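The values are calculated or read from the model by the stated rules, or taken from the named source; none is laboratory data. Everything numeric here is computed off the predicted structure, so don't read it as measured data. Counting neighbours? That spans all protein chains shown, and the Cβs are built from the backbone with ideal geometry, glycine included. We work out accessible area using only protein heavy atoms, side chains counted, and drop any ligands, DNA or RNA first. Shrake-Rupley method; radii C 1.70, N 1.55, O 1.52, S 1.80 Å.
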Amino acid sequence: MADKQLDDLFLDTLKDIYYAERQILKALPKMAKAASSPELRAGFEQHHTETEGQVERLERVFEILGKTPRGKTCDAILGILDEGKSIMEEFKDSPALDAGLAAAAQAVEHYEIARYGTLRAWAMQLGHKEAADLFGQTLAEEEATDKKLSQLATSVVNKKAA
Ligand code: FE
Ligand code: FE
Ligand code: FE
């Protein structure tokens, strides 16, 4: 009975991150376009390509579970992306724009890191070894992106903003 409940929670959370990733896929080109630093823009473009692969991994997990890929509205990601949009508008011509964009992107990565960490743990708990492995691969990409954003922020973006 306990495992059945975790099963449902697992599927709901999978749908949550599937919805979130597809929203992120739409947002990243806009963030790349808005960025003024070429390094930050390239970072967003690279992560957009990675995100396409992450969506495919999620579709593979749905397949493993014998379910049709379906998203479930994630209010958290909508809120985080909305904040990013506000920064793009309010700091449009400011030297602090890139600092704001990098910070907004890190908020996205942190949400994803939380979700993929949980999903990997639950997949292991439920005996879905391949799914756990796929979540682990994506988790590593999200963590690397977060680190890269931190480095970019310290090396170029925040200096310009100051
Ligand atoms: Fe992602
Ligand atoms: Fe969510
Ligand atoms: Fe990401």
Which one of these is of a type in the set (A, V, I, L, M, F, W, C) and either free of Cβ contacts under 8 Å to residues at least 40 places away in the same chain or open to solvent by 60 Å² or more (accessible area, probe 1.4 Å) (or both): Ala121, Ala131, Ala105? Ala121
Does region 107-119 contain at least one residue that is away from ligand 2 (no atom under 16 Å from the Cβ) and not polar (S, T, N, Q)? no
Subset of region 134-156 [over 14 Å from the mean Cα position of the chain (by Cα), within 15 Å of ligand 3 (Cβ to nearest atom) and surrounded by fewer than 16 Cβ atoms within 10 Å (Cβ to Cβ)]: Ser150
Taking only pairs six or more apart or across chains, which ones have beta-carbon atoms under 6 Å, a first residue in region 134-162 that is hydroxyl-bearing (Ser, Thr, Tyr), and a second residue that is open to solvent by 20 Å² or more (accessible area, probe 1.4 Å)? Thr138/Arg57
Taking the options Ile77, Ile113, Ile64, name whichever one is under 30 Å from Lys160 (Cα atoms) and open to solvent by 30 Å² or more (accessible area, probe 1.4 Å). Ile113
Give region 1-60 a look and list any residue that's surrounded by 14 or more Cβ atoms within 10 Å (Cβ to Cβ) and of a type in the set (Val, Ile, Thr), or say none. Thr13, Ile17, Ile24, Thr51, Val55
Between residues in region 71-86 that are under 22 Å from Val61 (Cβ atoms) and residues that are aromatic (Phe, Trp, Tyr), which pairs lie under 7 Å by C-beta distance while being six or more apart or on different chains? Gly71/Tyr18; Gly71/Tyr19; Lys72/Tyr19; Thr73/Tyr19; Cys74/Tyr19; Ala76/Tyr111; Ile77/Tyr111
Could you go through region 86-105 and let me know if any residue there is of a type in the set (S, T, N, Q), closer than 28 Å to Ser155 by Cα and either modelled with pLDDT under 95 or within 16 Å of ligand 3 (Cβ to nearest atom) (or both). yes
